[in-house]
Amino acid sequence: MTVSRADRAEGSAPIPHPPSIDRMAGWPALAPLIGRAGRPLVIEALRAWADAMRGALEVDDEQACARWCAARLAGLIQPSQRRVFNLTGTVLHTNLGRAQLAEEAIQAAVEAMRSPTTLEYDLTGGARGERDQHIAPWLLRLTGAEAATAVNNNAAAVLLALNALAEGREVIVSRGELIEIGGAFRIPDIMARAGCRLVEVGTTNRTHLRDYAAAIGPDTAAIMKVHPSNYAIAGFTKSVSAAELVPLAREKGLPLIEDLGSGTLVDLETWGLPHEPTAREAIEAGVDIVTFSGDKLLGGPQAGLIVGRKHLVGRIARNPMKRALRLDKVRLAALEATLRLYADPARLAERLPTIRALARPAAEILALAERVLPALAAALGPGAEVAIEPVRGQIGSGALPVDLLPSFALAIRSKGLDRLADAFRGLPIPVIGRIGAGKLYFDLRTLDDEAAFVGQLDKLGAA
Ligand SMILES: *Cc1c(COP(=O)(O)O)cnc(C)c1O
């Protein structure tokens, strides 16, 4: 407590007088917080402290003040986007950031972040270069296409391709493929934003080649196929494959565009997974423009890849919208490094986290569950029951919409499951699971840092 000279001079009773903000900022107990948060934020917190403690003796309590300010600034000091454990059972979880990058891609991205690069610079002549040149040769090699370019994401790739090739004109799409991917990506909306008129053919469950043929008119600019990534129609169905559409498109001189969605550069059957269409298959079938995502099955950074015929990719790359949708040097570096890994498919499962997670043998996941179970049971105490259960996970992000990845989960049965799930989300590295059938499930297919997971379980009580 300080008593100012003025108080004494007037002879009034001494009242607690808040120490000056500047003096409080000099308290040794606040030094670590100033180190972490910077002086301006701490001054702001000290003003709030002085306000909150006005008239209270505690205002002068250095330790209490430091604790109060640290708690107040905790939300600001801690990054908003944080690392989590994705134990949801969905490998490519859009809300949790989809693909984890390979170490090679991380290194390349870090290098590009730190330094000037040859982003648009040709070292041989010292002249201006093309940013797509870093990834196009790899995409040609991996897909067999004549040309390639890349943009912000696959939604942008579809938007740009449609605008460049069909603005003001008609594009024919099967009714069975008028999909919504989530996050407001609906084919009819994208079509409208691209300035194209959608011509729907067929019915929800059945579309025939003759439906496409009958819809072609003088205003038709393209035929489009969309991979129905996130749902499957079963029963009395008929769709026309891209390969079947090629002769029709050729005969009418129309570009055939295919949005593969997830799309992959390797045959997933190599790892015992069901077949997903590859970009090479689409190109070999004769599709003129193929688009797919960088951060789904491909396992790279967020990007939209466009491969196909040279003159069409050229029109797409010259479209002014390309400038607004282009990739930055960091993602291009990560994408180039990711694509380079595909040159050695035999080692992909080792080096690319997405493939590693998808190909992880169930026996390995079971062994992991057996190792982790005792620590989890001990941390939860007698109020909860933990068991290992066989579960089925998903690839996610629109690839193969059915549960098909046989895996093992730690299943917790306990009172107050929602509160328990909250507590796991409150850990230093938040753990995200899935609640179902009265249990909290942690699918361990995607647990790669066992030590960090187990190491923080003792904080569960505090969380
Ligand atoms: C995921 C997906 C998209 C959107 O791709 P983003 O890379 O998320 O923009 C578009 N079309 C299909 C068929 C998809 O599966």
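The values are calculated or read from the model by the stated rules, or taken from the named source; none is laboratory data. Keep in mind that what you see is a predicted model, and the values were worked out from it rather than measured. Don't worry about glycine lacking a Cβ; one is built from the backbone with ideal geometry, like all the others, and counts go over all protein chains shown. Calculation scope for accessible area: heavy atoms of the full protein, side chains included, ligands and nucleic acids excluded. Shrake-Rupley method; radii C 1.70, N 1.55, O 1.52, S 1.80 Å.
Taking +1 at the Cβ of each Lys and Arg and -1 at the Cβ of each Asp and Glu, which of Asn205, Pro274, Leu123 sits farthest along the dipole of the range 103-349 towards its positive end, judged by Cα position relative to the Cα centre? With unit charges placed on the Cβ atoms, the residue in question is Leu123. Taking 13 Å as the straight-line reach from the Cα of Lys238, the aspartates and glutamates in range (excluding those fewer than 8 positions away in the same chain) are Glu177, Asp211. Across the chain, Cα pairs under 8 Å and at least six residues apart give a relative contact order of 18 percent. Size descriptors for the range 366-463, from the alpha-carbon set: Rg then Dmax equal 13.3, 40 Å. What fraction of the Cα pairs in the chain, stated in percent, has a spacing above 38 angstrom? Counting pairs separated by more than 38 Å, the tail of P(r) holds 43 percent. Note on the range 166-261: Kirkwood radius taken over Cα pairs, Stokes-Einstein applied at 37 °C and 0.692 mPa s, translational D equal to 243 µm² s⁻¹. Each Lys and Arg adds +1 at its Cβ and each Asp and Glu adds -1 at its Cβ; summed about the Cα centre, the range 360-463 shows a dipole of about 260 debye. Of the residues His311, His208, ranked by 1.4 Å probe accessible area with the largest first, the sequence reads His311, His208. Our estimate of slack between Asp344 and Glu146, defined as 0.36 nm per intervening residue step minus the Cα-Cα distance, is 69.1 nm.
Surface composition of the chain: carbon and sulfur make up 53 percent of the accessible area, probe 1.4 Å. Counting charges near Gly97 (Lys, Arg +1; Asp, Glu -1) among other residues having Cβ under 10 Å from its Cβ returns a value of +1.
How large is the Rg to Rh ratio of the range 103-349 when both quantities use alpha carbon positions and Rh follows Kirkwood?
0.98
The simple spin-label model puts a point 7 Å past each Cα toward its Cβ; for Asp219 and Ala48 those points are separated by 5.8 nm. Taking every DSSP helix (H) stretch of at least 4 residues in the chain, weighting each as -39,500 (n - 2.57) and dividing the sum by the residue count yields a mean residue ellipticity at 222 nm of -11500 deg cm²/dmol.
Only lysines eight or more places from Lys252 in sequence, or on another chain, were considered; those with a Cα closer than 17 Å are Lys225.
In straight-distance terms, cross-link reach from Lys459 covers every one of the lysines whose alpha-carbon lies under 23 Å from its own, apart from those fewer than eight places away in the same chain; here that gives Lys415, Lys439.
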